[in-house]
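Input: a single structure, listed below in structure tokens.
The values are calculated or read from the model by the stated rules, or taken from the named source; none is laboratory data. Note that the coordinates shown come from a computational prediction; the quantities given were computed from them, not determined experimentally. Note: ideal-geometry Cβ built from the backbone for every residue, glycine included; neighbour counts use all protein chains shown.
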């Protein structure tokens, strides 16, 4: 037997064995992206796991194993979307001045919640809230609640708390800050209105943030 034929015989068949970690991650990413597209196009309640599996070319069993079902898949999608904007920002440890940290946070949060996908998601939530309460619970658990907890953690840092007025209801500050960041965003989303050009939106957000600082800082 020649050396070439011996080497060929000893080598495993191409493509044999388990897929590499990078391939698995890519498949899961495609699965979440496909599910997100279907949710926004057809409505959360109108999309079945079978439909997602068929479009993503995976087995329904794979979705159950990796995500536990449709709500778990939605939760993972929301985590991924948030990570696109906040993966490199840790409010609990950020050493920058308070205004600089919150201005950065506000810009990221505004960009996240005014992205086309987020706007479509907010409209879907408004349309299906009564018929799919578990979807709404998942959204708030992985979206607004995470945001409020992150803000609360930041404002409770001793170095930050020392810069806030003593007479403030601290537990209300996360919601107050989010409202200042977004303004009447939800109302505009539901009515299909735009706040203005990117420059005008940024200027309006800075004005709202200045109102926040004047109301809470010493």
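Of note:
- The residues in the stretch 40-81 that are within 16 Å of the chain's Cα centre (by Cα) and without any contact (Cβ under 8 Å) to a residue 40 or more places away in the chain can be counted, and the count is 2.
- Verdict on residue 197 being without any contact (Cβ under 8 Å) to a residue 60 or more places away in the chain and under 14 Å from residue 105 (Cα atoms): no
- Residue tally, condition within 21 Å of residue 139 (Cβ to Cβ) and in a loop (DSSP other than H, G, I, E, B), over the stretch 29-59: 3
Condition check ((1) exposed (fewer than 14 other Cβ atoms within 10 Å of the Cβ); (2) within 16 Å of the chain's Cα centre (by Cα); (3) at positive phi) across all residues:
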position	(1), (2), (3)
83	yes, yes, no
86	no, yes, no
89	yes, yes, no
154	no, no, no
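- Residue check, residue 209 within 30 Å of residue 47 (Cα to Cα) and touching a helix residue (DSSP H, G or I) at 6+ places or on another chain (Cβ under 9 Å): no
Per-residue answers, yes or no, for (1) closer than 19 Å to residue 98 by Cα; (2) free of Cβ contacts under 8 Å to residues at least 40 places away in the same chain:
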position	(1), (2)
117	no, no
133	no, yes
150	yes, no
157	yes, no
164	yes, no
178	yes, no
216	yes, no
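- Number of the exception - residue 192 against (1) surrounded by 10 or more Cβ atoms within 10 Å (Cβ to Cβ); (2) at pLDDT below 95: (1)
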